[in-house]
Each structure stands twice: as structure tokens, then as C-alpha cells.
Amino acid sequence: MKWDEFSDWGKRIAEWTQDYHLTVGDKPVRARTEPGDILNALPARPPEAAQPIEDVFRDFEQIVMPGITHWQHPRFFAYFNSNASAPSVLAEFLASAIAPQCMLWQTSPAATEMETRMMDWLRHALDLPEGFAGVIQDSASSATLAAVLTMREKALKWRGNQQGLFGQKPLRVYCSAEVHTSVDRAIWVAGIGQDNLVRIPIKGGWRGMDPEALEAAIQADLDSGLHPAGVVLCVGGTGTGATDPVDDCLKIARKYGLYSHVDAAWAGSAMICPEYRHYWPGVDQADSIVFNPHKWLGVQFDCCAHFLKDPDDLVQTLAISPEYLKTHGKDGIINYSEWSVPLGRRFRALKLWFVIRAYGLEGLRARLRNHVNWSVALHDRLASEADFQIVTQPMWSLWTFRYAPAGHMDLDELNLRLVNAINDDGRIYLTQTRVDGDLVIRFQAGQFETTEEDVRMAFDVITEIARSLT
Ligand SMILES: *Cc1c(COP(=O)(O)O)cnc(C)c1O
């Protein structure tokens, strides 16, 4: 394909994109293909001869699209949303058109300086104090890995990268049972080992870590000659929105000189609204905070905002500069590849710039508030149905429930059957989790084009399908 044929295709795909987003709500949310359907529809061998884009595009519609689960569907209430708002899609089009690789300042100064400015815009939007510096990581998992590596190196006085962990006292990291699995993986990859990830019991309606138990665990480890290194807190956990008492836990982390990381991958976006900030009091005392604009802020995957109280700790952990990566003769520049595990970096700040300007913070806040209010209203309606139980209360727009008709014994089996039946029906999409061992169904609202009517429809679908099962 030649570049002088591009604009015809660009227009066609722009029209396709607009039409897709305007009509996606008419499709079943979850893909209806069986395992292997797409694989078997794709030829086993690559073509030797060039093929017209016309044919490729036709196959895209016929083979690929049926195997897509529609994350941009207004009734996608599963997992957490991953929104691609219109201005974000435009920005990604431009970023892919110029396709810079933004590992160093000099490999695209605009990308680096835009990233610095956008992270500072987000710092303002969240009302984090001046002094927090930010970097865009590809995902929260990467940010958490970077934070765990930093806690390891700081605890080892920066000797771990050089000497490895052999012969060191075991390092200990503390978190509740509600943190995301990316914390476990970071612990594995950092060489700390699952056995040294200490699970602190939770208490209270927010299912947050018990600070007294945290302090007791740190003290017990010190008494037995182990080496406490850091604390990972969660604000808006993935299963039920579990939220640790940030203030109390950070006080203990500071008392023992432990590095702290706050995972607010989903709920962090909501902190652009002042009325939700009571969920993370004292967060300005954290060393590291992560949230994903690619979940709830309209900026499509991937775009993860990682704030550092002292970026030097992170840079000292991750920077490596062979001669070919050095930028000589320029002072005061940032090479963001020294702030992350991967070297290569996409131009991700551009879509933040487009989205924040196109909606304004007020436009973004209005969406988030609607999602929370509509979700809470749905919760209230379902709570008043005698055959349903609310299992966990709304945390922002997330809560969990069970269908529990009188006399039914195996509720795990019934609710798994219910969530599968709902997803086969296709009007809405939900996922399950476990709370204290019980299988429960999650509801969360957060799709950018969802309406009050879409959320209301979930009530009809859930109650109608549930009652048809028994
Ligand atoms: C989604 C999520 C993650 C993982 O995010 P990625 O960007 O996919 O790595 C981590 N923690 C929490 C609380 C999440 O909700």
C-alpha cells in the first residue's frame, strides 16, 4: 500500500469507527464465538503475494469483529471499563501516524515535555501536593513492579541490582488479601518471593487492612531478624473496591522507614472529584501512587499515571546508561525510560492532552459522578428485592450481590449459572468474584457513553434472568 492511497482508507475507517461507536449498544456485549473459531478462520500460512487492503478489511469485518467483546459497549458492567473516548481515539490515530519512540528526551522532546506537563495536570486534578513528579507507565502492573523494585533497592541500600539477593536477610512486604495479583507478580519478579509477601487481615466495611495488625506484623518480623522493606496499599481493589485506611497505614510505614506504594488503579480517576477524596486521607504521605487513566478517565489503553514523591529513588533503581543512550550537552532534561522497566515508550501523553482539553475536568467529573449515582440507585433497587442479597456496599460505582431465593442451598452454583446466563443473553455483561469464600456477582458502571437508562436496564435483565433459573 502506498501513502498516496492512505487518505481514502483513512476516511473509510473514520466513518467505520463513528458508526461502530454509535451502534455498538445494539450488539451483544460479550463475543459469542467458541474457542478456536477465529484461529481456524485465519489461514495457516502467510501469503507470499501482496493482497489488496480491500480484502484485508473485508476479513477484518467478517472474521475479527464477531470475535470481539465490546469494551466500548454502554452496558459493559464487567471487570472495570477501559474507555476509548472519541478525542482519545483521534490522538491515538495521530500518535500512530507519527509513531515516535519516546524513550529519551532527544528521541522526541515534545513527547517528554508533554508527559511532564500532563502528569502535572493530573497531579493538580487529584489535588496531590507539589513535589510529586509523574511518569506514564504502560500499565499499573508495570508501575507496581517499579515501586516494588524501588522498595527492594532502598531497603538493600542500593546493592540488590549489583549483588542479587543471595545471602541477604529475607525482605518483607506487607499488604492486605484484597490487593491485585499484580502485587504478587511484582514480588515474584523482584526476587522477594511469595512467602515474604505478608497478608495483613482486613476489617470494617471498606475491607481495608487493620493498621494494628500491620504494626504487629512488622514488629514480629523485626523481632525474628527479617527485613521489612515496604507496604502496598489498595484504594478501590478489583474484587469489591476494598480500601485500606491510608492515613493510619502510611503513618506506620513511615514510623518503620518503609517505602509505600498505593494502588488506586481504578478508583484513582474518581479522585478528580473532591467528594471522593475521603477514601484516601493522607495519601500525600505515600512514596508512590498509581492510577490508570485508561480505566475510568476516557483515555484508552494503555496509559497509567505513576506519581513519585521522590523520583530519584526510582531512577536510582532503574536507570542504566550505556554510551549509545546518553544525551550530551543538554542539562535538565528527563529521559523517562530511566523511570520504567521497559526501554521503549509510546507517545501516550498526547491522548491525555486531547481528552482533558476536549472534556475539561468538569466534563470528566460529571461522567464519573453519574456513573456512581446511577450505580448506587441500581443497588438501592436490587437491595429492596427480597430474593437478592447485597454482599458488599457500593465503593464508588462498584458493589456485589447474590441471588438468594428462599430455600435454595447451593448459592455458589446458582450465582455462577446466573452470571453465565446473563452474559449469554448479551444485553449486559457482568463478572463474578469471591467474598469470604462465597461466589458473588460484581456490578460496576463506568463506560463513558453509558446512560441512566442503560444502568436501569441492568435491573430488568438481572431480575428477569435470575427468576427464570429457579
Ligand atoms: C486493573 C487493576 C490493576 C492492573 O492494571 P493494569 O494496568 O492492567 O496492569 C491493578 N490494580 C487494580 C486495583 C486494578 O483494578
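So here's what we get for this one:
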read-out: Tabulated pairs, the range 192-205, first farther than 12 Å from VAL179 by Cβ, second surrounded by 11 or more Cβ atoms within 10 Å (Cβ to Cβ) and among the polar types (S, T, N, Q), C-beta under 9 angstrom, 6+ apart or interchain; value: PRO201/SER176; GLY205/THR392; GLY205/GLN393
read-out: The range 321-361, residues that are closer than 16 Å to LEU145 by Cβ, of a type in the set (A, V, I, L, M, F, W, C) and surrounded by fewer than 22 Cβ atoms within 10 Å (Cβ to Cβ); value: VAL341, LEU343
read-out: Every residue from the range 348-405 that is in a strand (DSSP E or B), more than 22 Å from the chain's Cα centre (by Cα) and among the polar types (S, T, N, Q); value: GLN389
read-out: Residues satisfying the stated conditions in the range 276-292, i.e. assigned to a helix (DSSP H, G or I) and either within 25 Å of THR181 (Cβ to Cβ) or touching a residue at least 60 places away in the same chain (Cβ under 8 Å) (or both); value: TYR276, ARG277, TYR279, VAL283, ASP284
read-out: Pick from the range 218-234, criterion assigned to a helix (DSSP H, G or I) and out of contact with any helix residue (DSSP H, G or I) (no Cβ under 8 Å at 6 or more places or on another chain), ranking: farthest from the ligand (Cβ to nearest atom); value: ASP223
read-out: Those residues of the range 179-204 which are under 17 Å from GLN168 (Cα atoms) and touching a strand residue (DSSP E or B) at 6+ places or on another chain (Cβ under 8 Å), in sequence order; value: ILE187, ILE192, ASN196, LEU197
read-out: Number of the condition not met by HIS261 [criteria: (1) within 15 Å of the ligand (Cβ to nearest atom); (2) in a helix (DSSP H, G or I)]; value: (2)
read-out: Close pairs from the range 251-266: first closer than 15 Å to PRO211 by Cα, partner more than 16 Å from the ligand (Cβ to nearest atom) and of a type in the set (S, T, N, Q), Cβ under 7 Å, at least 6 apart; value: ARG254/GLN285
read-out: Some residue of the range 290-300 being surrounded by fewer than 24 Cβ atoms within 10 Å (Cβ to Cβ) and away from the ligand (no atom under 16 Å from the Cβ); value: no
read-out: Condition broken by SER321, with the remaining ones in (1) modelled with pLDDT under 95; (2) touching a Cys at 6+ places or on another chain (Cβ under 6 Å) satisfied; value: (2)
read-out: Scan of the range 181-205 for residues that are assigned to a loop (DSSP other than H, G, I, E, B) and at pLDDT 95 or above, ordered by number; value: ALA190, GLY191, ILE192, GLY193, PRO201
read-out: Within the range 301-328, considering residues that are assigned to a helix (DSSP H, G or I) and within 30 Å of LEU368 (Cβ to Cβ), the one nearest to the ligand (Cβ to nearest atom); value: LEU314
read-out: Filtered residues of the range 280-289 (kept if buried (at least 22 other Cβ atoms within 10 Å of the Cβ) and either within 15 Å of the ligand (Cβ to nearest atom) or of a type in the set (Gly, Ala, Ser) (or both)); value: TRP280, VAL283, ALA286, SER288, ILE289
read-out: Residue selected from the range 130-183 under the condition more than 27 Å from ALA111 (Cβ to Cβ) and within 11 Å of the ligand (Cβ to nearest atom), by the criterion surrounded by the fewest Cβ atoms within 10 Å (Cβ to Cβ); value: THR181
read-out: In the range 61-81, the residues that are surrounded by fewer than 20 Cβ atoms within 10 Å (Cβ to Cβ) and of a type in the set (A, V, I, L, M, F, W, C); value: ILE63, VAL64, MET65, ILE68, TRP71
read-out: Single condition GLY237 does not satisfy, out of (1) away from the ligand (no atom under 14 Å from the Cβ); (2) of a type outside the set (S, T, N, Q); (3) assigned to a loop (DSSP other than H, G, I, E, B); value: (1)
read-out: Selection status of ALA110, small (Gly, Ala, Ser), in contact with a Pro (Cβ under 9 Å, 6 or more places away or on another chain) and at pLDDT 95 or above; value: yes
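The values are calculated or read from the model by the stated rules, or taken from the named source; none is laboratory data. Quick caveat, the model's predicted, so the values are computed rather than measured. When we count neighbours, we look across all protein chains shown, and the Cβ atoms used for this are built from the backbone with ideal geometry, even at glycine.
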